[in-house]
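A short write-up of the structure that comes next.
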Amino acid sequence: MAWPDEQYTGRDYQLDFFGKKIHWPSIMKEKGLDRDQYLPYKKAMHFVRENYPIKPYPQTKMTQDIYDQVAEELGFEPDPAEEAELQELKSRLKFYDALDTPFDTFHGVDGFFVYTDDQGREQICTFDVTQNPEKGAEDVKADVWVGAAPDHKVDKVGYEKWYTQSAKDIAENLAGSGVPSIQKRPEAEDRPLNA
């Protein structure tokens, strides 16, 4: 969001974006991992997926708006009154918050989507959330960069444009027209993501 307060940091924005319902440092300690313990790319993603303490869906307005738009870009338009349609969407499109995990710390991934296509194959799109307008593509390690959102109460048009473009970038990557994150990582181990 565009905030007038100079004290509002990029970290504050990330916390507002994800809605921090997950306290990863506690989960890591419970699993015997030090906060600064390196995990290779695939293991870091696997750790998030295996230990996700809540259902892998959006927790805030910003993430829900992006999720809904990604779903629409992928061809889903479930009727909110039809529980079966909503459940199919939720089983095929998952949203993960990786903030404060080794996936974030060592690989620059704040979150990711997992989409199961019609053939049952998983497509993954990682993203980095930042409000830093100076951050360029060369600074982003994730598949997609999600920049600062305009305040939806002040600039509804700008906010809609922001989440629509973010979702389009994510959906293109999930649909296969982007380069899947796992193929971009030469350091990724041969271990399957779902193992």
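The values are calculated or read from the model by the stated rules, or taken from the named source; none is laboratory data. Bear in mind the structure is a predicted one, so any value in this text is a computation, not a measurement. Here Cβ is always computed from backbone atoms with ideal geometry, including for glycine, and neighbour counts include all displayed protein chains.
Observations
- Any hit, segment 19-28, residues being of a type in the set (Gly, Ala, Ser) and either in contact with a Lys or Arg (Cβ under 9 Å, 6 or more places away or on another chain) or closer than 17 Å to residue 130 by Cα (or both): yes
- Test: residue in segment 54-65 that is in contact (Cβ under 8 Å) with a residue 40 or more places away in the chain, at positive phi, part of a loop (DSSP other than H, G, I, E, B) and surrounded by 14 or more Cβ atoms within 10 Å (Cβ to Cβ): no
- Residue in segment 71-78 that is within 27 Å of residue 150 (Cβ to Cβ), in a loop (DSSP other than H, G, I, E, B) and among the aromatic types (Phe, Trp, Tyr) present: yes
- Criterion: touching an Asp or Glu at 6+ places or on another chain (Cβ under 9 Å) and of a type outside the set (Asp, Glu) - qualifying residue of 67, 41, 57: 41
- Identity of the residue in segment 111-120, at pLDDT 90 or above and surrounded by fewer than 24 Cβ atoms within 10 Å (Cβ to Cβ), that ends up farthest from residue 62 (Cα to Cα): 116
- Residue within segment 81-95 that is touching a Phe, Trp or Tyr at 6+ places or on another chain (Cβ under 6 Å) and buried (at least 20 other Cβ atoms within 10 Å of the Cβ) present: yes
- For residue 34: the one exception among (1) under 18 Å from residue 130 (Cβ atoms); (2) surrounded by fewer than 19 Cβ atoms within 10 Å (Cβ to Cβ): (1)
- Restricting segment 93-149 to residues that are basic (Lys, Arg) and more than 15 Å from the chain's Cα centre (by Cα), the residue that is farthest from residue 46 (Cα to Cα): 135
One line per residue, one yes/no per condition, for (1) touching a Leu at 6+ places or on another chain (Cβ under 6 Å); (2) modelled with pLDDT under 90; (3) of a type in the set (Asp, Glu); (4) not in a loop (DSSP other than H, G, I, E, B):
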residue: 123; (1), (2), (3), (4): yes, no, no, yes
residue: 126; (1), (2), (3), (4): no, no, no, yes
residue: 138; (1), (2), (3), (4): no, yes, yes, yes
residue: 153; (1), (2), (3), (4): no, no, no, no
residue: 161; (1), (2), (3), (4): no, no, no, yes
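Let's see how each residue does on (1) among the acidic types (Asp, Glu); (2) within 23 Å of residue 171 (Cα to Cα); (3) touching a strand residue (DSSP E or B) at 6+ places or on another chain (Cβ under 7 Å):
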{"position": "9", "(1), (2), (3)": "no, no, no"}
{"position": "18", "(1), (2), (3)": "no, yes, yes"}
{"position": "56", "(1), (2), (3)": "no, yes, yes"}
{"position": "93", "(1), (2), (3)": "no, yes, yes"}
{"position": "104", "(1), (2), (3)": "yes, yes, no"}
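- Residue within segment 91-114 that is farther than 20 Å from residue 143 by Cα and either free of Cβ contacts under 8 Å to residues at least 40 places away in the same chain or of a type in the set (D, E, K, R) (or both) present: yes
- Some residue of segment 39-59 being acidic (Asp, Glu) and within 20 Å of residue 12 (Cα to Cα): no
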